[in-house]
Every structure is written in C-alpha cells, then in structure tokens.
Amino acid sequence: MDLSADHIKSLHKYELRILQSIEYLMSRYSWVPEEELVHNSRLSANEVHFRLSKLMEKGMVKYSQVPYPGYCLIFNGYDTLAISHLVKKGIISSLGSCIGEGKESRVYEALGTGPVILKLHRIGQRSFQTVRRGRNYLPEKQHCPWVLASHFSAEQEYLALCTLQNHVRVPTPLLMNRNVIAMTYIAGDRLSDCTLENPREVLDEIIAQVRAAYSRGYIHGDLSEYNVMFDGEEIWIIDWPQWVSPHHENASEILDHDLETITKFFHRRYRISSDMNEVRSLVTGC
Ligand SMILES: Nc1ncnc2c1ncn2[C@@H]1O[C@H](COP(=O)(O)OP(=O)(O)OP(=O)(O)O)[C@@H](O)[C@H]1O
Ligand SMILES: [Mg+2]
C-alpha cells in the first residue's frame, strides 16, 4: 500500500503514540506483544487494540502470529513517524505526490515555506547487504535491520548535502529525521530527460563540480545522467547516499566509474569525446 497524505493527516494522536511505542519496543522485540504496547503507551487495552487495527488498515503496522503474536512497524509506519516530526518542526505543512520511486527510496513533493522534496530512504532486507559493504558500523544482528539501514542511508546523504552545501551545487538540506530527508526542490529536469543547447559547457561544469566535491572528501559513487539535474541555467548533483571518501580502498575505481558513466552519456547523446586521463587528473589534481 502506498504512503498516503490522507492517512498521515487523519492519524489520531493515539495512533501516533502507538507507532512511537512500537518503534521504541522494536529494539527489544522482533514482534512487539500487545500487552507491552498497553504498558508503554499508557492507553487502555481496548484503545490499543482498536488503534492497532486502524494502523494495520493504513498499512503502517504488521501483525504476526508466529513465532508469537506481536506487531512490528513497516515502512509506511516508519515514514509516518519521520514525516510527522517534520510537520511538528514546521518544515512541511502538506505532503504532495510521489514523483520518484527507486530501488532504495521514494521521493515526494511537499510544501513548507516553499516547495520541498522529501526523500524517504527505504533499504529493504535484500539491499541491506549492499549498504553494509564498506560501512563497518552496521551490526550483524539487529531485530529490524531495515530500520537501521534506512536511517543510516539517509544519514549518509544528509551528511554529504550538509558538507557540500555552498561548495557544490546540491539541494539545500532542511532537516533529516529517521529515514527521511527534507531538501529544497530543484525546478529542473534530469539530464536524461532534457536536450542541452550547450552540452560541452555543461559537461565541463559537471566535472568542475565533481572536482569541488572530491576536494572536500566526497566521491559521488552513482553519478549518471539520472542524478544530475539541469534547471535551464545551472546543473545540480542529487542522490548522494552512496558517496565514498577519496581514502576509501576502492576510491579510484569508484571515481573512474562515475567519470566514465557521465562522459559516455555525453558521447552517446551529444557526440562529445573526452580523454579519461585528462578528466581524472582535472578532478584529482594529479
Ligand atoms: N531536490 C530535488 N528536487 C527536484 N527533484 C528531485 C530532487 N531530488 C530528487 N528528485 C527527483 O526524484 C528522483 C529520484 O531521486 P534520487 O535520484 O535522489 O533517488 P533514487 O534514484 O530513487 O535513489 P536510488 O538511486 O537509491 O534508487 C530524481 O530523479 C528526481 O527526478
Ligand atoms: Mg537517482
């Protein structure tokens, strides 16, 4: 079931309280028993039972009989906790439609003081191993690895956006909570979806931005025509959760892959040839 703005808007304060209790108790239980929720939320047993049925209807909570009866959050519930926090902090006042759905994220339009983008990181069980690679912090065993992995992925992207802000053209990060980042909306199209009048200048500008990021310790790691936006004047580099440092053991391969992907795109689409050695040394300065 899709995360719906109406479901979040119509959330009763007790439903929010129960989501918070489940989240808290999930550090102790794979499936949170109903009695524990009654105890933790300080609501009556009847109220908890009724609210849990509402949360299941909204696709925010899952129930299982095995190995013992209990409840756990699913992505819609976790996203809801994060989005409610952003609303409380005044970052957004309404949630719009979903404008992008990748393997590991969903992107929503929202409204705050201006147009805002919400990126919901959703690292599922399958992609969890990919995220773990090269990140020694993630523990082997955790009751709910997707919660940790999705939070961690958002944290990585938020860190890149905060550090690169004012140095590299990236969206301005507004706030992060749990697995969700609020950032400024870029009014433009992905390079894959637009026709450039001056492709050579745009490619040079991308390389200059990659160099600026590199000099501040960031290699994008997934640079492509899908992660560069053009607003008619400037380019913007988006989608940073998989960045690596220039000191990472595979840094040079990852940087080469980024540069090859983007130069190949300009060759394919605009017949612009680039010398990879030259481009690499422009970025690294050696
Ligand atoms: N700040 C932004 N302003 C406008 N549109 C954005 C912004 N961030 C993302 N988008 C839109 O949402 C789409 C998906 O965003 P993004 O590339 O960050 O995630 P993703 O590709 O889904 O992630 P993954 O690669 O993990 O699947 C982008 O291609 C772009 O169209
Ligand atoms: Mg992307």
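We did not get these values from a lab; they are worked out from the coordinates using the rules stated. Please read these numbers as outputs of a predicted model, since none were measured by experiment. Cβ sites come from the backbone with ideal geometry, for glycine too, and all protein chains shown count toward neighbours.
Rounded to 0.05, the FRET efficiency of the residue 277 and residue 193 pair, given R0 = 41 Å and the Cβ-Cβ distance, is 0.85. Given a cut-off of 20 Å, name the pairs among 119/264; 13/58; 54/103; 13/54; 54/88 whose C-alpha atoms lie farther apart than that in the structure shown. Pairs exceeding 20 Å: 119/264; 54/103; 54/88. For the chain, the normalised intensity computed at q = 0.14, 0.17 Å⁻¹ comes to -1.01, -1.33 (log10 of I(q)/I(0), Debye sum over alpha carbons, equal scatterers, no solvent).
Think of each Lys and Arg Cβ as +1 and each Asp and Glu Cβ as -1; about the Cα centre, that makes the dipole of the chain roughly 940 debye. In plain terms, the chain from residue 88 to residue 264 could stretch by 58.9 nm, reckoned as 0.36 nm per residue minus the Cα-Cα distance. Out of 274, 226, 152, whose Cα points farthest toward the positive end of the dipole of the chain (charges: +1 Lys, Arg; -1 Asp, Glu; placed on Cβ)? The one lying farthest along the dipole's positive direction is 152. Each residue of region 108-121 was assigned a 3J(HN,Hα) from its phi angle through the Karplus expression (A = 6.51, B = -1.76, C = 1.60, θ = phi - 60°), giving 10, 7, 8, 10, x, 6, x, x, 10, 10, 10, 10, 9, 7 Hz with x at Gly and Pro. Calculated from the alpha-carbon coordinates, region 1-53 shows an Rg and a Dmax of 11.5, 31 Å respectively. In order along region 151-156, phi translates into HN-Hα couplings of 4, 5, 5, 5, 4, 4 Hz, rounded to whole numbers, per the Karplus curve 6.51 cos²θ - 1.76 cosθ + 1.60 with θ = phi - 60° and x for Gly and Pro. Applying 0.36 nm per residue to the separation of residue 113 and residue 44 and subtracting their alpha-carbon distance, the gain on full extension is 21.0 nm.
Close amide-amide hydrogen proximity is noted between residue 174 and 182, 183, 184, each under 5 Å apart and 5 or more residues distant or on a separate chain (H modeled in the peptide plane; Pro and chain starts excluded). Proximity of backbone amide H atoms, modeled 1.01 Å from N, is registered between residue 272 and 267 at under 5 Å, excluding neighbours fewer than 5 places apart on the same chain.
Backbone phi angles across region 177-184, fed through the Karplus curve with coefficients 6.51, -1.76 and 1.60 (θ = phi - 60°), yield HN-Hα couplings of 9, 6, 9, 10, 10, 9, 9, 5 Hz in residue order; Gly and Pro are listed as x.
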